[in-house]
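Here is the structure we will look at.
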Amino acid sequence: MEDTFENSVKLDSDLCKGCINCIKRCPTQAIRVRNGKAHIIKPFCIDCGECIRVCPHHAKKADYDPVEAMDRFKYKVALPAPSFYGQFNNLDDVNIVLRALKMMGFDDVYEVSAAAELVSEISRKYVAEHPEQRPFISTACPSVIKLIRVRFPNLIEHLLPVNAPVDIAAKQARAKAMKDTGLPSEDIGVIFISPCPAKVTAVRSPLTADSSDIDAVIAIKEVYTRILPLMKQTSDQTEEISQSGKIGISWGASGGEAGGLLTDSFLAADGIENVINVLEDLEDQKISHLDFIELNACSGGCVGGVLQVENPYVAKSKLKKLRKYMPVARSRLDEVKVENAYWQNGIEYMPVFSLGADFMESMEKMGQADEILERLPGLDCGSCGAPTCKALAEDIVRGVAKEKDCVHLLREYIHKMASDLKGI
């Protein structure tokens, strides 16, 4: 089953020391330590990057394209994420960054923040026209979509079926480049500058479309080091490239997407543990009075992605200062035509955590797991390589672990053998 799941969070086994930091922090219990090395269970992983943050040995890494991937194309278009602007000190004009991207080698730039303003407008209309689906859950964060798909099937119907800004930006950028240059699509490289590994996976293995218009995804931290010296050279230039305002830039931090809906009836939560708490309350019907729920797996929103360089809360503060004198929005549907704004494919429940192939088998194996759990110490120490005793019990039922993996049961077993030998 694992081969059918794509992930961008990878393990460097040479650096892994077999500690349990990652298994304790993984929100979906997707990591086990076996034979002294961590192992990522691909179907469980939602690419939130939490293990990358907490690994003291830097053994968890994000898999993304090298900057040199842009050289494969005759014409290259950069798609900078809104959170990108929060990485720079004393930035008062985003055009300085955009001009530096062109100096770096890109032929054109299409801001994801500009597409975010279009998505905000599309979302406002959709929410108003479909009141029966409220509260709507935001779908810009791929980790949240994957989390709901594997753990909260009853909430799938509340997902807002509007393409993420980066997907809209890619379509718009490709169409513009083909029109401007006359080149065929295959000669045009649309390159997303990403804040997180979840968006890498969303491009390589999209959930709501058959394919992506994005040709490569490179990390913000890789581009940051290259354009920083170039920005000094562009500060005196006058070329105006930016097509986004407050609404688009605000998408880079928590609350920005909800703010673009121009409603007070919303909730915004960031950080994967907080997201899970909100989803559990929503599933228990404790939240029903809101129009919209914005959820971001990373603390602070996209500014908290692990592919960036700045502290997320510092970056959020920088974005707030940067947008202060901006117009509310600069990209509007009455000026820009957007085709295929909605999902091509729906989201289906993936019961990856089920213990059996069907309901009856799952119930039977859950009973077996409960019996095993009663024999375990309940310490949740992680010494067995699983995050909790319950997870170990389920692994035993799945046939990928055994009771003696628990060091406490193993110690009791050894003491019993020693006592038996003394009695011989």
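The values are calculated or read from the model by the stated rules, or taken from the named source; none is laboratory data. Keep in mind it's a predicted model, so treat the numbers as computed, not measured. Backbone-built Cβ (ideal geometry, glycine too); neighbour counts: all protein chains shown.
Any idea which residue in segment 95-139 is surrounded by the most Cβ atoms within 10 Å (Cβ to Cβ), counting only those that are within 20 Å of residue 254 (Cβ to Cβ) and more than 22 Å from the chain's Cα centre (by Cα)?
Filtering segment 95-139 for residues that are within 20 Å of residue 254 (Cβ to Cβ) and more than 22 Å from the chain's Cα centre (by Cα), the one surrounded by the most Cβ atoms within 10 Å (Cβ to Cβ) comes out as 127.
Among the residues of segment 279-291, are any of a type in the set (Ser, Thr, Tyr) and touching a residue at least 40 places away in the same chain (Cβ under 8 Å)?
Checked segment 279-291: at least one residue is of a type in the set (Ser, Thr, Tyr) and touching a residue at least 40 places away in the same chain (Cβ under 8 Å).
Tell me, which residue of segment 209-249 that is in a loop (DSSP other than H, G, I, E, B) and free of Cβ contacts under 8 Å to residues at least 24 places away in the same chain is nearest to residue 190 (Cα to Cα)?
211
Among the residues of segment 275-293, which ones are surrounded by 16 or more Cβ atoms within 10 Å (Cβ to Cβ) and within 23 Å of residue 51 (Cα to Cα)?
Correct list: 275, 276, 278, 279.
Can you find a residue that is small (Gly, Ala, Ser), more than 22 Å from residue 156 (Cβ to Cβ) and touching a Gly at 6+ places or on another chain (Cβ under 8 Å) anywhere in segment 224-242?
no
Just to be sure before I move on: is residue 282 of a type outside the set (Asp, Glu), more than 20 Å from residue 108 (Cβ to Cβ) and in contact with a His (Cβ under 9 Å, 6 or more places away or on another chain) in the structure I sent?
Yes.
As an exercise: evaluate residue 345 against (1) closer than 28 Å to residue 205 by Cβ; (2) in contact with a helix residue (DSSP H, G or I) (Cβ under 9 Å, 6 or more places away or on another chain); (3) not acidic (Asp, Glu) and give the number of the one condition it does not meet.
For residue 345, the exception is condition (2).
Can we say residue 254 is outside any helix (DSSP H, G or I), at pLDDT 95 or above and in contact with a strand residue (DSSP E or B) (Cβ under 8 Å, 6 or more places away or on another chain)?
yes
Would you check if residue 410 is in contact with a His (Cβ under 8 Å, 6 or more places away or on another chain) and surrounded by 12 or more Cβ atoms within 10 Å (Cβ to Cβ)?
No; evaluated as a whole, the condition is false for this residue.
When you scan segment 257-279, how many residues do you find that are part of a helix (DSSP H, G or I) and either more than 26 Å from residue 313 (Cα to Cα) or small (Gly, Ala, Ser) (or both)?
Looking only at that region, the number is 2.
For segment 1-52, give me each residue that is among the charged types (D, E, K, R), out of contact with any strand residue (DSSP E or B) (no Cβ under 6 Å at 6 or more places or on another chain), part of a loop (DSSP other than H, G, I, E, B) and within 24 Å of residue 349 (Cα to Cα).
If the condition is that a residue be among the charged types (D, E, K, R), out of contact with any strand residue (DSSP E or B) (no Cβ under 6 Å at 6 or more places or on another chain), part of a loop (DSSP other than H, G, I, E, B) and within 24 Å of residue 349 (Cα to Cα), then 6 is the only one that fits.
When you go through 373, 421 one by one, which is the residue that is farther than 24 Å from residue 16 by Cα and surrounded by fewer than 16 Cβ atoms within 10 Å (Cβ to Cβ)?
Result of the check over 373, 421: 421.
Here's a check for you: in segment 1-53, which residue that is more than 19 Å from the chain's Cα centre (by Cα) and surrounded by 21 or more Cβ atoms within 10 Å (Cβ to Cβ) is farthest from residue 391 (Cα to Cα)?
Among them, the one singled out is 38.
Mind listing just one residue for me: the one in segment 198-247 that is crowded, with 19+ Cβ neighbours inside 10 Å and among the polar types (S, T, N, Q) and, of those, modelled with the lowest pLDDT?
So, considering only residues that are crowded, with 19+ Cβ neighbours inside 10 Å and among the polar types (S, T, N, Q), the one modelled with the lowest pLDDT is 234.
Return the total of residues in segment 94-140 being part of a loop (DSSP other than H, G, I, E, B) and either farther than 30 Å from residue 183 by Cβ or in contact with a Cys (Cβ under 9 Å, 6 or more places away or on another chain) (or both).
So the answer is 6.
Mind checking whether some residue in segment 159-182 is modelled with pLDDT of 95 or more, over 26 Å from residue 332 (Cβ atoms) and in a helix (DSSP H, G or I)?
no
Which pairs do you get when a residue that is surrounded by fewer than 24 Cβ atoms within 10 Å (Cβ to Cβ), found in segment 146-164, comes within reach of a residue that is basic (Lys, Arg) and outside any loop (DSSP other than H, G, I, E, B), reach meaning Cβ atoms under 8 angstrom, with the pair 6+ apart or on two chains?
Close Cβ pairs satisfying both conditions: 156/149.
Given (1) touching a Pro at 6+ places or on another chain (Cβ under 9 Å); (2) in a strand (DSSP E or B); (3) not aliphatic (A, V, I, L, M), identify the lone condition not met by residue 189.
(1)
Across segment 266-289, what is the number of residues that are modelled with pLDDT of 95 or more and either in contact with a Pro (Cβ under 9 Å, 6 or more places away or on another chain) or closer than 18 Å to residue 197 by Cβ (or both)?
Qualifying residue count for the region: 9.
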